[in-house]
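Data first, discussion second: the structure below is written as C-alpha cells.
The values are calculated or read from the model by the stated rules, or taken from the named source; none is laboratory data. Only a predicted model underlies this, so the values are computations on that prediction, with no experimental measurement involved. Reconstructed Cβ throughout: ideal geometry from the backbone, glycine too, with neighbour counts over all protein chains shown. We work out accessible area using only protein heavy atoms, side chains counted, and drop any ligands, DNA or RNA first. Shrake-Rupley method; radii C 1.70, N 1.55, O 1.52, S 1.80 Å.
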2 protein chains.
Amino acid sequence: MENREKKGDVCCASSPKKGRLTIPTDASFVEGTKEIAALWGADAVRDCDGTSLPKNPHEIAPLVYKTYFVVRGDNEWAKKHPEEAHRVFLLSDTVTADSSLVRIPLLRHYLKDQFALDMANVHRFQAFDRTLGEEVPFEIDEKEGTALIKNAIPYHEYNVDFVARLLWHPTQIYNYLTNHWDVEKDMVYDPSFPKTRQYVKEHLKRWLEENQDVDVVRFTTFFYQFSLFFNEKGKEKYVDWFGYGLCGSPALLDGFKKESGIALTAEDLIQAGQYNNPFLVPNEKFRRYMDYVSRFCAGLMKELVEIVHRHGRKAMMFLGDDWIGTEPYGPYFADVGLDAVVGSIGGGVTVRMLSEIPGAACHEGRFLPYFFPDEFHEGNEQGVVDGFNKSWRSARRALLRKPLDRMGFGGYLSLAAKFPSFVDRVAEVADEFRDIVETAEKSAPYCTMKVGVLNAWGSLRSWMSHMVAHELWYQQIYSYQGVLEALSGLPVEVVFLSFDDVLRSGVPDGVDALINVGARDTSYSGGSYWDNPRLLEKIRSYVAKGHGFVGIGEPSAYAKDGHLFALRDVLGVDEELGFTLSQDKYNIEAHESFVNADKKGGIDYGEGTKNVYALDGTEVLDIDISPRFIRKVNVGEVKLAVNDYFGGRSCYIAGLPYNGENARLLYRALLYVSHKEDALKKAFSSNPNAEVSYYPEIDTYAVINNTDHTQETVFYDADGEPTKLMLKPTELRWIKGKK
Amino acid sequence: MENREKKGDVCCASSPKKGRLTIPTDASFVEGTKEIAALWGADAVRDCDGTSLPKNPHEIAPLVYKTYFVVRGDNEWAKKHPEEAHRVFLLSDTVTADSSLVRIPLLRHYLKDQFALDMANVHRFQAFDRTLGEEVPFEIDEKEGTALIKNAIPYHEYNVDFVARLLWHPTQIYNYLTNHWDVEKDMVYDPSFPKTRQYVKEHLKRWLEENQDVDVVRFTTFFYQFSLFFNEKGKEKYVDWFGYGLCGSPALLDGFKKESGIALTAEDLIQAGQYNNPFLVPNEKFRRYMDYVSRFCAGLMKELVEIVHRHGRKAMMFLGDDWIGTEPYGPYFADVGLDAVVGSIGGGVTVRMLSEIPGAACHEGRFLPYFFPDEFHEGNEQGVVDGFNKSWRSARRALLRKPLDRMGFGGYLSLAAKFPSFVDRVAEVADEFRDIVETAEKSAPYCTMKVGVLNAWGSLRSWMSHMVAHELWYQQIYSYQGVLEALSGLPVEVVFLSFDDVLRSGVPDGVDALINVGARDTSYSGGSYWDNPRLLEKIRSYVAKGHGFVGIGEPSAYAKDGHLFALRDVLGVDEELGFTLSQDKYNIEAHESFVNADKKGGIDYGEGTKNVYALDGTEVLDIDISPRFIRKVNVGEVKLAVNDYFGGRSCYIAGLPYNGENARLLYRALLYVSHKEDALKKAFSSNPNAEVSYYPEIDTYAVINNTDHTQETVFYDADGEPTKLMLKPTELRWIKGKK
C-alpha cells in the first residue's frame, strides 16, 4: 500500500473523499463523465464491452484502465492458425439402440457457430455403451459429422466423447445473443500452442506501445474461458463457472502426460457428462491436471505481467470470462505479480471471494447495477436506486469484515447520468465505501471466534463453494450458499479447510468450530471422504476435546449400514434412508435453546432436508410436523438440533438460505457449539436486521441497517453496555466507543 | 367351496342373508350374543384375548372357533425347558470410544422382562468396530452383562451383536402394556428344538380331545413372532411385521448350515442394526435362510393341520402375531392344507393380501373397530359408526375386485351391544358383504388391463410392500403405499413380479404395464438391480414394444454417472443429484393430457420427490414452482410427466398417497401408458369419489360411493352409455345391465 499517491497505482486515493472508484466512460460522453467523476470522487476511468475510451482520458481521471483480451480480438491471427484454437471435449447426445446399428450426430444440439468437429484429434474420441459402462468401437462419418456404432446391443444407451474446436468466444456469444449485438465474431487462440504463446507476448508489447494513455491493463482475462456451451437454438446448454472444459488443449494434455505419466482420456474430462464439475469429489488425476494447467497459466501470466511492468504499467485481472486456470487461491497465483484483481459483486460472498485473494495489492469490486438499458430505462429510476441499495447492503456487511480496496461500475455512464437520484446515491455510497476501507486500515474488525469451512476443495476454492453459474440462484444450492453469505458478514474469522488438510495435519489450532454444508455425495458435504476412518477419528476427537461442529443439509453424508450421516454420533441426528424405519424414534419434542432464542418458529430452511430424525439424547430445537399429520405416529422431520459430544457440541440445521434472521441463527449456533455464548452480547445488535462491526484499535463501531426499513435495536458495545438505537433504512452509523 | 352346509366348514353360509360372519363372544354374554348373532346372521363365534367361550357355544352359532397358541400358554413346559426358548440376535447400543477401553452393557435399552443374555450361545456373539467395518475381539462380563473391548481405537464406534433368550411373548407384552393387563407372562418355546417339536404335537392332540366343542382351531399363529422388541421403558423399540429376528434359533441355523453349507453369523441377521428388514434388497444368503425357515415351518404346520383334520376339525391361521416363516405367498404354504386364513383388515391392501392367499379355501377378514373401550366408550356412538363406515368403504372397493369369504369382529361383544346404531349398521354391512361375495362367485369382475408391480420381492410378498408395522402409517411410506391401496380397488388385474422373475423369463405375456414404486436403494424401487444391464434390456425392450411403465417416487433409482434413474430414457425424467446442475433444463412448462384431465392442479403427491427434472421431449404435466421462486431461473420440480419411448409409453408420478382422485390419476396413467384410453369410459364413474365394478357374466354393476357425502356422478355402462346417478353417502348400488 506504499506509493499510494504515485500515478498509476491502482489503489490511489488522493484525499479522504476522493479516489478508490472506477467509472466507465465513452468517447461520446466526455464532459458528462467529468462531472460525475468529480461528484463521485472517481479516480479511474475504464472502457467496457461496447464502449471505447475518449482521447486524452487523463483529463477525466488520473487513472485509465483499458480492457485487454489475450486470446481473442485478432481474427486474422486466429484464421491463420486454426490448429491453435481452443479445444473442448464434448459429449454427444445419448441414444438408445433399437437395433445393432447406432448413428449419433455428434454436434446435434450444440450451436453450430460455436463448435466444429476436430478430426485432427479423432484419435481422442471415445464411444461408450453406458448401460454396460464400457468403451466400444466406432467409426466416424466426417462428412455427416456422425459416429457409427456397429454391433450395438439393443436397448443399451450409447454416446460419444469427442473433441471440438472452439469457433467463437463464449462470453461474446452470450453478449451477442443477450444484447443482440451485431459484431464480428471473435475467434480464439490457445497459448498452450507454441506459435500463439509467442504471439500473445508480442501482441501485448505492441499494444502497450500503441496505448500509451493506459495506466492499467485490465486483462479480461487470460487464457481459458469457464465452461459455457450453447445449444442449437442459441440458448445456454451448459455452464460451469469453475469448469476446465475449455482447456482441453492437446498441447496441455501431452505436456501433462510427459510430466506426470498420466494419459488423460476424453472420459477423464467428460465423466459421462458431468465434466469434472466442482460438485464432484475431485479425483487425484483431475487435481493433478488442474495443478498442471494452473501452473502453466501462472507461468505465462507472469511473463505477461512482467511485460506490462517493464512498460511502466499496472496489470489487473478480471475474475471472470477466461479466468480458468488462474486459481486465485491456488499455489501459483501470488507469484504472478499482478497489481490488482477485479470482479463482479453480487453479495457478501463475492466481496470476500475477491477481497481475500492473496498476492494482489489491490482488490476492486464492480458493483451492480450494470449501466445497461435492461435496468436504466424510463420509469425505473426508483427501481434502479432500490436495486443499488439492496446490492450495496448485501455487500457492505462483508466489506466491514474484509474490505475491497476499490469499487467500480460498468456499462454506459451516459445512461446512469439520466437518473439524478441514482447519481446522488452513488456519491453517498462511494463516501461510505471510502470510510469503511479507511477504518479497516486502522484496525482489523473484532472477531469472536474462528470458523473452519470443511469441504473437499478447502482453501483452493475459498468463498467459491456451491456455485454453478457465477452468482446465479439454483434451487438445489441456495439453501447451502446462504451459509457462506451469512458468514461473509458475521464477526467471525473464516478459514477454508479441505479433508486432505485435516487428514494431513488435523484441524488447525485456533479453529473454534467446523462447518460442513451441502448435499450428500457432493464435494461440499464430502462424499466418500466420510468413509475414511482417519477423517472420522480426527473430526470426532476435535469435537470431543471441546470444539464445535455445525452441519447443514446433509453433513458428513455417506450411505453405509443403513445410515447416512457418518458423524451422526457427533450431530445427534441422522437421515432415514428407509432401512431403519423399524426403529422407533421418540425424540420429537422441540425445545428452546440459546441457538433459537431469537426465533422460535417459522425459520426458513429453504429447500431443507427431508427425513432427518434425532437420536436419543439429542436436543431437538425445531421439528416439522405438518398439521395434516396430526394424530399420526412415526412422524416429524428434525430441522434444528444441538447435541453434546464428550466435551464438545454440535448443531444441525436442515438448510440455511441467507436472510438476516438466518445469519443470526448461524452466529448463535457457532457461538453455542464453541461454548462462547457469553460473547454474544458484545458488539452486537439485538435486532437481527442490524449488525455491528467493531474496530478495537480505534474503539469504533459500525452499526448497519441491512434493510430498507427503519429498524429499532439495542446496540451492545464491546463491554456489553446496551443502548437503544433507531436506524434509518440502509443506514450505516459510526459510533465511537467510550474507551 | 363344496360341502358348504356341512357342520364345521369355515365358509358355511346357510342362506343368502345368513352366514359368512364370525363374532366374538364371552361366557358372561351368552344371551346378548344370541340376539346379535341372529340380527347379523352370524354363523360362527370365537373367543378373543381376554374372553372365554361359554359352555355349549353351539347354542349361539353352528361354528365355534377357538384361539390356539402353539408356542406359548404352557409356562410349565417353558420353565422346564428354558434352553428351548426362542432366540433372538440383538444389537447393543453403539458406543464411541474415548479411550482404548470400551464397555458396552448389552441389554441396556431393552426391556429386561423380554430378554435374557444367552450365554449358551456366546460363541455366536460378534463385536464390531463400525468405523472400520471390522470385527474385533471382546470379552463378556456375564455378571454385569457387558462386553469389554480392549485395544479400541479412540473415536471409533463399537457395538456388539449378541444372542438373547426371549422371556415373554411380544404380542402379550404389547397387550399387557397397552391394555394394562395383569396376567401371568406367557413364556415361549421353540419347536425347532426336538423336545418342543414333539411336545407341540402332543399338546395339540390333548387340546383337541379336551375341546370337543370347537369346530375351528384358530392358530394364533404358529411358531415365530414378527420382530417386536421393547425398550427399557416398556415402549416399542423395534417393530418389523416381516422381520425374521425372532427365529434366530440355533437349531435352525445349524440345520441350515448342514443343508446349505452356509454358516450364518449374527451379523448376517443383524446387518449393523438393519435386521434384514424388507426394505433392504434381499441378499442370496438371507433368501435361502428364509426359504429354509419357511420350509421348516410349513412341514410342522402341515403335521399340526393333519392332527386337526384327524380330529375332524378345521384349521385356520391368523395372519399376524407368530406368522413369520409361514410366508402365505411362498412355495410351501399351499401344501400345508389349511382350511382358512384370517387377518385384520385395515383397508383395500389388507383385503387383497388376505383374499388372494393361495391354498386356503376360506379367507376371513377381521374388521375394525375392535370392540375395545378405547373406541366403545360413552359419547362415541356416532364416532364408532363413522369409523366403521370409513373402514368398510376402504375395504369394500377391494372386496368388489377379489372378495374375502367371511367377515368377522373381535373384542367384547357386550361393549358393542351398548351402541344400537352400530349394531344396526353392522347388520346392513353384513348383508352388503354377503351380496358382494355371492355376486363375485357368479362372475369375475371385469378388468381393463393387467398390471405388474415390479420389485425385489415379487409375488412372495404380494400386497405386502412398503409396510413396517402392520397397517401403520409412516411418513416415509404412505406416498408409496397409496399406489397399492389405489390398485386394490381399480378394475385392473394385478400381479407381482420380482426382478429375478423378469431376468429369468422377461415380463410375462399379457402384462400391459409395469409399476415400479419406492424410495431409492430400497428393495421396492430395486437398488442395485438397476445396475444390471440384462434387466435394463428386458424392461426397455418391453416398453419399446408397445407396453407401459409407471414410475412413482424414485423408480429405477441407482446412482451412477451423476444420474439417478436408470430408466430415465424410458421415464423421460431424472433426479438431480447435484452433478448435472450445469446442464440447462428448459422443459418446465406443464401441459394437459389424458392422465391429468380430471385434475389440473393441486394433486396431493404426499411427501413427493424433490429435484426431479424432465429431459427434452418429455411431456411435463405438473411442475412445482413455488410462488416465492417467481422470477428465478433454474427452478421447478417435475411432479407428473409422460413420455413416449419407441412404441411404448411411460408416466412418472412424484408420489401417490391414497385418495379417490389419486386412484383415478393412477388408473388414467395405467390406461394411457397401455394405449387403452378408449377403455376409460366403460363401466366407469365420472366422479372419482365413486367407482364401478362390473360383473359381465351376470351383466351387473356395483356402483359405490367411497365417501360419507352424497355424490353425483355420470355412470357409464360397459358400452359407454352414460346415466346420471346420485349416490347416498357410503351407498353401494347394484345396477342390472341392459344385455
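For the stretch A:532-542: of the residues being over 13 Å from residue B:153 (Cβ atoms) and more than 9 Å from chain B (Cβ to nearest Cβ), which is surrounded by the most Cβ atoms within 10 Å (Cβ to Cβ)?
The first filter runs over the stretch A:532-542 and keeps only residues over 13 Å from residue B:153 (Cβ atoms), leaving A:532, A:535, A:539, A:542.
Those still in the list that are more than 9 Å from chain B (Cβ to nearest Cβ) too: A:532, A:535, A:542.
Values: A:532: 16, A:535: 20, A:542: 22.
For the stretch A:532-542, the residue satisfying everything is A:542.
Quick check, is residue B:270 open to solvent by less than 10 Å² (accessible area, probe 1.4 Å), in contact with a helix residue (DSSP H, G or I) (Cβ under 8 Å, 6 or more places away or on another chain) and within 14 Å of another protein chain (Cβ to nearest Cβ)?
Numbers: open to solvent by less than 10 Å² (accessible area, probe 1.4 Å): yes; in contact with a helix residue (DSSP H, G or I) (Cβ under 8 Å, 6 or more places away or on another chain): no; within 14 Å of another protein chain (Cβ to nearest Cβ): yes.
Judged against the criteria, residue B:270 is not a match.
What tally of residues in the stretch B:303-325 results from selecting those that are closer than 24 Å to residue B:171 by Cα and open to solvent by 10 Å² or more (accessible area, probe 1.4 Å)?
Narrowing the stretch B:303-325 to residues closer than 24 Å to residue B:171 by Cα: B:304-305, B:315-325.
With the extra rule that they be open to solvent by 10 Å² or more (accessible area, probe 1.4 Å), the set shrinks to B:318, B:321.
Summing the residues that are closer than 24 Å to residue B:171 by Cα and open to solvent by 10 Å² or more (accessible area, probe 1.4 Å) in the stretch B:303-325 gives 2.
Got at least one residue in the stretch B:313-325 being in contact with a Cys (Cβ under 9 Å, 6 or more places away or on another chain), farther than 20 Å from residue B:242 by Cα and assigned to a loop (DSSP other than H, G, I, E, B)?
No, that holds for no residue.
Are any of the residues in the stretch B:460-472 assigned to a helix (DSSP H, G or I), more than 14 Å from chain A (Cβ to nearest Cβ) and at pLDDT 95 or above? I'd like the intermediate steps shown before the answer.
Start the filter on the stretch B:460-472 by keeping residues that are assigned to a helix (DSSP H, G or I), which leaves B:460-461.
Cutting the leftovers down to more than 14 Å from chain A (Cβ to nearest Cβ) gives us B:460-461.
Those still in the list that are at pLDDT 95 or above too: B:460-461.
Checking the stretch B:460-472: at least one residue is assigned to a helix (DSSP H, G or I), more than 14 Å from chain A (Cβ to nearest Cβ) and at pLDDT 95 or above.
Please determine whether any residue of the stretch B:507-520 is without any contact (Cβ under 8 Å) to a residue 40 or more places away in the chain, more than 21 Å from the chain's Cα centre (by Cα) and within 14 Å of chain A (Cβ to nearest Cβ). It would help to see each step written out before you state the result.
Restricting attention to the stretch B:507-520, the residues satisfying the condition of being without any contact (Cβ under 8 Å) to a residue 40 or more places away in the chain are B:509.
Then drop every residue that is not more than 21 Å from the chain's Cα centre (by Cα), which leaves B:509.
Add one more test, that the residue is within 14 Å of chain A (Cβ to nearest Cβ), and what stays is none.
No, because not a single residue in the stretch B:507-520 is without any contact (Cβ under 8 Å) to a residue 40 or more places away in the chain, more than 21 Å from the chain's Cα centre (by Cα) and within 14 Å of chain A (Cβ to nearest Cβ).
Need pairs with beta-carbon distance below 6 Å; first residue more than 7 Å from chain B (Cβ to nearest Cβ) and in a loop (DSSP other than H, G, I, E, B) and within the stretch A:575-586, second at pLDDT 95 or above and open to solvent by 10 Å² or more (accessible area, probe 1.4 Å); sequence gap 6+ or separate chains.
A:585/A:613
Which one of A:279, A:256 is over 19 Å from residue A:166 (Cβ atoms) and away from every other protein chain (no Cβ under 14 Å)? Spell out the reasoning first.
Values: A:279 fails: away from every other protein chain (no Cβ under 14 Å).
After applying the criteria, what remains is A:256.
Suppose we filter the stretch B:616-664 for residues that are away from every other protein chain (no Cβ under 12 Å) and among the small types (Gly, Ala, Ser); how many remain?
5
Within the stretch B:351-380, which residues are in contact with a helix residue (DSSP H, G or I) (Cβ under 6 Å, 6 or more places away or on another chain), in contact (Cβ under 8 Å) with a residue 40 or more places away in the chain and more than 22 Å from residue B:65 (Cα to Cα)?
Result: B:352, B:376.
Give me the residue from the stretch B:565-585 that is open to solvent by 10 Å² or more (accessible area, probe 1.4 Å) and under 29 Å from the mean Cα position of the chain (by Cα) and, out of that set, farthest from residue A:94 (Cα to Cα).
Applying the filter and picking the extreme gives B:575.
Just give me the residues in the stretch A:588-604 being open to solvent by less than 60 Å² (accessible area, probe 1.4 Å) and either among the hydroxyl-bearing types (Ser, Thr, Tyr) or within 12 Å of chain B (Cβ to nearest Cβ) (or both), in sequence order. First the steps, then the outcome.
Our first condition is that a residue be open to solvent by less than 60 Å² (accessible area, probe 1.4 Å); within the stretch A:588-604, this holds for A:590, A:593-597, A:599, A:601, A:603-604.
Within the stretch A:588-604, A:593, A:604 qualify.
From (1) in a helix (DSSP H, G or I); (2) closer than 28 Å to residue A:282 by Cβ; (3) of a type outside the set (Asp, Glu); (4) within 8 Å of another protein chain (Cβ to nearest Cβ), pick out the condition that doesn't hold for residue B:528.
(4)
Quick check on the stretch B:572-599: of everything there that is closer than 25 Å to residue B:633 by Cβ and among the β-branched types (Val, Ile, Thr), which residue is modelled with the lowest pLDDT? Reasoning before the result, please.
Just the residues of the stretch B:572-599 that are closer than 25 Å to residue B:633 by Cβ, to begin with: B:572-592.
Filter once more, keeping what is among the β-branched types (Val, Ile, Thr): B:573, B:580, B:588.
On the way: B:573: 98, B:580: 96, B:588: 92.
Among those that are closer than 25 Å to residue B:633 by Cβ and among the β-branched types (Val, Ile, Thr), it is B:588.
Is it true that some residue in the stretch B:704-719 is closer than 27 Å to residue B:570 by Cα and of a type in the set (Asp, Glu)?
Narrowing the stretch B:704-719 to residues closer than 27 Å to residue B:570 by Cα: none.
Among the residues of the stretch B:704-719, not one is closer than 27 Å to residue B:570 by Cα and of a type in the set (Asp, Glu), which makes the answer no.
Pairs under 9 Å by beta carbon, first residue over 18 Å from residue B:575 (Cα atoms) in the stretch B:633-647, partner open to solvent by 10 Å² or more (accessible area, probe 1.4 Å) and assigned to a strand (DSSP E or B), six or more apart or different chains?
Final answer for the pair search is B:644/B:619; B:645/A:96; B:646/A:96.
For (1) open to solvent by less than 20 Å² (accessible area, probe 1.4 Å); (2) in contact with a Lys or Arg (Cβ under 9 Å, 6 or more places away or on another chain), each residue gets a yes or a no:
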| residue | (1), (2) |
| --- | --- |
| A:465 | yes, no |
| A:473 | no, yes |
| A:480 | no, no |
| A:489 | yes, yes |
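Quick check, is residue B:240 in contact with a strand residue (DSSP E or B) (Cβ under 7 Å, 6 or more places away or on another chain), under 27 Å from residue B:410 (Cα atoms), open to solvent by 10 Å² or more (accessible area, probe 1.4 Å) and of a type in the set (Asp, Glu)?
On the way: in contact with a strand residue (DSSP E or B) (Cβ under 7 Å, 6 or more places away or on another chain): yes; under 27 Å from residue B:410 (Cα atoms): yes; open to solvent by 10 Å² or more (accessible area, probe 1.4 Å): no; of a type in the set (Asp, Glu): yes.
Taking the combined requirement at face value, the residue does not satisfy it.
Kindly indicate whether any position in the stretch A:491-500 is within 11 Å of another protein chain (Cβ to nearest Cβ) and crowded, with 23+ Cβ neighbours inside 10 Å. Can you show your working first?
Initially, the stretch A:491-500 is screened for residues within 11 Å of another protein chain (Cβ to nearest Cβ), giving none.
Within the stretch A:491-500, not a single residue is within 11 Å of another protein chain (Cβ to nearest Cβ) and crowded, with 23+ Cβ neighbours inside 10 Å.
In this structure, does residue A:240 turn out to be at the interface with another protein chain (Cβ under 9 Å from one of its Cβ atoms) and modelled with pLDDT of 95 or more? First the steps, then the outcome.
Details: at the interface with another protein chain (Cβ under 9 Å from one of its Cβ atoms): yes; modelled with pLDDT of 95 or more: yes.
So residue A:240 passes the test.
Which pairs have Cβ atoms under 6 Å, sit 6 or more apart or on different chains, and link a residue in the stretch A:521-543 that is more than 24 Å from residue A:479 (Cβ to Cβ) and at pLDDT 95 or above to one that is open to solvent by 40 Å² or more (accessible area, probe 1.4 Å) and not aliphatic (A, V, I, L, M)?
From the stretch A:521-543, the pairs are A:531/A:558.
Yes/no per residue for (1) open to solvent by 30 Å² or more (accessible area, probe 1.4 Å); (2) out of contact with any strand residue (DSSP E or B) (no Cβ under 8 Å at 6 or more places or on another chain); (3) outside the structural domain of residue A:562 (by TED's automatic domain parsing):
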| site | (1), (2), (3) |
| --- | --- |
| A:606 | no, yes, no |
| A:612 | no, no, no |
| A:617 | yes, no, no |
| A:632 | yes, yes, no |
| A:637 | no, no, no |
| A:642 | no, no, no |
| A:651 | no, no, no |
| A:658 | yes, yes, no |
| A:671 | no, no, no |
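Check off (1) more than 17 Å from residue A:668 (Cβ to Cβ); (2) out of contact with any Asp or Glu (no Cβ under 9 Å at 6 or more places or on another chain); (3) part of a helix (DSSP H, G or I) for residue A:486 and give me the number that stays unchecked.
(1)
Could you check residue B:159 against (1) away from chain A (no Cβ under 14 Å); (2) closer than 30 Å to residue A:537 by Cα and say which number it fails?
Just one mismatch for residue B:159, condition (1).
Wholly within the stretch A:675-739, which strands (runs of 3 or more DSSP E) include no fewer than the required count, namely at least 2 residues that are open to solvent by less than 60 Å² (accessible area, probe 1.4 Å) and of a type in the set (A, V, I, L, M)?
Fully inside the stretch A:675-739 and qualifying: A:690-695, A:700-705, A:722-727, A:732-736.
Which of the residues spanning the stretch A:556-571 are assigned to a strand (DSSP E or B), more than 15 Å from residue A:535 (Cβ to Cβ) and either within 9 Å of chain B (Cβ to nearest Cβ) or at pLDDT below 95 (or both)? Don't jump to the end; show me each part of the working.
Start the filter on the stretch A:556-571 by keeping residues that are assigned to a strand (DSSP E or B), which leaves A:557-560, A:563-565.
Applying the additional criterion that residues be more than 15 Å from residue A:535 (Cβ to Cβ) yields A:559, A:563-564.
Result: A:559, A:563.
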